[in-house]
1. Quick one: HIS130, HIS39, HIS53, fewest Cβ neighbours within 10 Å first, how do they rank?
2. Would you mind getting me the FRET efficiency between ASN44 and ASP133? Use the beta-carbon distance for r and R0 = 25 Å, nearest 0.05.
3. Could you list ILE52, ILE135 in order of exposure, starting from the residue whose Cβ has the fewest other Cβ atoms within 10 Å?
4. Quick one: grab the alpha carbon gyration tensor of the range 50-159, order the square roots of its eigenvalues as a ≥ b ≥ c, and give me rounded if a/c is under 1.5, else prolate or oblate depending on whether a/b is larger than b/c.
5. Give the Cα extents of the range 118-158 along the principal axes, in whole Å, largest first.
Amino acid sequence: MTGPGVPHELRLRPPRTDGGVGVDATPDNGERIDVPPPHEAYANAPDLRREIHRVLALEAERDGRRAAPGTGSPAGTTAAERVRLLRRAALMDRLALEAPGPGPVAAAEETAGQLVLHDRRHPDLVAGPHRPDAITLAAARRYVRQEYAAWTAAGRPGT
């Protein structure tokens, strides 16, 4: 559900000089999110073919079609799920950048939205400066780039 009345679309403004705090009900369409451009965000990404195979393997592990290494705690499971969502969303974003037709773009937007929704439920796993609850799903692909860049900068934890 979206709309200006939905709490995840509200953005707090910096404190006002009169001591009050304003609320900006304007959803962030992504233009205010300062993230690395795709060529920088994905500079350390595996080539597309290798990443497709890795993401397919992660999907097979999740679905039980392939044995997965034990993750231990439920928190580890949540982090592993986040890595899967992040890698899948980044892969779809990269594919849409390579061939920007309606199908690839829709797939990139859908998988990016899934990452945003996951991160809204698990904000402790977010690595970048822009929080998932501070953007609309329209800005989700830019959010994926932010998170992928932060994830690779941190040494790709959880893989």
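Please treat every number below as a calculation from the coordinates, not as lab data. Everything numeric here is computed off the predicted structure, so don't read it as measured data. Cβ sites come from the backbone with ideal geometry, for glycine too, and all protein chains shown count toward neighbours.
1. Result, fewest neighbours first: HIS39, HIS53, HIS130.
2. 0.35
3. Ranking ILE52, ILE135 by Cβ neighbours within 10 Å, fewest first, gives ILE52, ILE135.
4. Note, shape of the range 50-159 comes out oblate.
5. 28, 19, 14
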